[in-house]
Each structure stands twice: as C-alpha cells, then as structure tokens.
1. What's the ranking of 132-138, 72-78 by average number of surrounding C-beta atoms within 10 Å, highest first?
2. So if R0 is 45 Å, what FRET efficiency would Asn8 and Asp165 give, r being the distance between their Cβ atoms, rounded to the nearest 0.05?
3. Rounding to the nearest 20 debye, state how big the charge dipole of the chain is about its Cα centre with +1 on each Lys and Arg Cβ and -1 on each Asp and Glu Cβ.
4. Between Gly34, Leu163, Ile47, whose Cα lies farthest towards the positive end of the dipole of the stretch 6-163 when Lys and Arg beta carbons carry +1 and Asp and Glu beta carbons carry -1, centred on the Cα centre?
5. Given the rule -39500 (n - 2.57) for each run of at least 4 DSSP H residues, summed and divided by the residues of the chain, what is its mean residue ellipticity at 222 nm, to the nearest 500 deg cm²/dmol?
6. Place a +1 charge on the Cβ of each Lys and Arg in the stretch 1-102 and a -1 charge on the Cβ of each Asp and Glu, then give the dipole magnitude about the Cα centre in debye, rounded to the nearest 20.
7. For a quick protection proxy, order the peptides 145-156, 79-90 by their average other-Cβ count within 10 Å, most packed first.
8. Rounded, prolate or oblate: which fits the chain, taking a ≥ b ≥ c as square roots of the Cα gyration tensor eigenvalues, rounded meaning a/c under 1.5, else prolate when a/b beats b/c?
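Taken together, the values in this text are just the output of simple stated rules run on the coordinates, not laboratory data. All values derive from a computational prediction rather than experimental measurement. Cβ placement follows ideal geometry from the backbone for every residue including glycine, while neighbour counts extend to all protein chains displayed.
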Amino acid sequence: MNTLRLENINLHAPYKVLQDPERQNNFYFVSDSGTRFDIDFTVNESIIPSGAYEFGITNRRHERSPHDPKLRLTIFAIIEEFFEVNGHDTMLYLAETGDRKQAFRNRLFVRWFNIYERRHLFFLKTAEGKMDGVMNFLAIISRKDNPNLPRAIEEFDETISFLFDPPEEPA
C-alpha cells in the first residue's frame with residue numbers, strides 16, 4: 001500500500017487525523033465527544049485472492065457516538081486519499097462484530113456512502129450472511145476506472161458464497 005499523505009487528508013477532514021507511530025497503516029482521530037476512532041488498512045487476500053486492503057473503523061472503547069457529520073467527512077477524507085495514492089487497489093469494509101452492532105454499522109456506512117458527493121466515481125457492493133453462526137456484513141469498494149474491478153468482484157462473489165453459511169431451510 002502506498003503511504004497516505006496526512007497533510008492531504010487533513011486539508012479535507014474536519015478532525016485532525018494522525019498516524020499511529022507503532023503501526024504504519026493505522027490512523028486515528030478524536031471526535032468532539034472525545035471518542036478516539038482508529039482507521040486500519042490491512043492486506044486481505046482471503047476474500048479477494050488477487051489482493052485487497054481491508055478497511056476498518058474501530059471505536060476501541062465502544063463509546064456511544066452521537067450523530068456527528070464530521071465523523072463521516074473525516075472517514076471519507078481518508079478513503080479518498082487511499083484511492084488517490086492507491087488508485088487501482090480494492091478496498092474491503094468489514095463491519096466489526098465484537099458487540100453485535102454490525103448491522104447498524106453496515107447500514108450507517110452504506111448510508112454515508114450513498115450521500116457522499118463523489119460516490120459516482122466509486123463502485124460499492126455489499127454482502128451479508130452468517131459465518132459460523134455470526135451475522136457478517138462486508139463491502140467491496142473500488143474506483144470505477146479500476147481495470148481489475150471485474151476480477152475483484154468475481155473473486156468477492158465466489159469467496160462470499162463459499163464463506164457464508166448456507167441459508168436455513170424453512171421448517
């Protein structure tokens with residue numbers, strides 16, 4: 001992954017974004033309510049074998065976050081920078097499952113994406129299903145001009161159909 005430029009992110013983000021000094025592809029910011037949000041990028045070749053970066057948003061203390069439009073704007077400033085410097089890479093979003101609020105997180109992220117002013121430049125496809133009995137929500141995100149997008153979508157679909165538990169038969 002090419003290095004994200006903090007100065008460029010911070011030109012567009014309402015919250016000051018910092019890089020975690022101990023983890024190269026980890027960034028964080030603190031909201032007006034005092035909540036720290038970590039943004040992680042990790043290589044994930046298990047869902048898209050040709051390669052993708054998993055994008056995670058973590059509220060480490062699981063504090064309740066009030067409606068805060070600056071949170072969305074900051075996260076999308078980071079996403080924009082990711083695609084600015086890693087143009088033909090693919091991003092995966094996996095809603096955190098640690099507290100059973102993953103459906104809410106997924107709906108919120110998709111809603112944010114749907115009101116994002118530059119969404120017309122990006123492809124987003126979501127998937128949901130149970131893995132080992134736990135409901136999971138995933139999304140693939142890429143620039144529409146990514147020549148590798150058709151292959152990434154095909155790999156995403158194949159992996160999801162393999163990973164998700166089969167649907168339960170009606171009784």
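1. 72-78, 132-138
2. Efficiency, from the Cβ-Cβ distance: 0.60.
3. 720 debye
4. It is Gly34, whose Cα lies furthest towards the positive end.
5. -10000 deg cm²/dmol
6. The dipole magnitude comes to about 400 debye.
7. With the highest mean Cβ count within 10 Å placed first, the list reads 79-90, 145-156.
8. Verdict is oblate for the chain.
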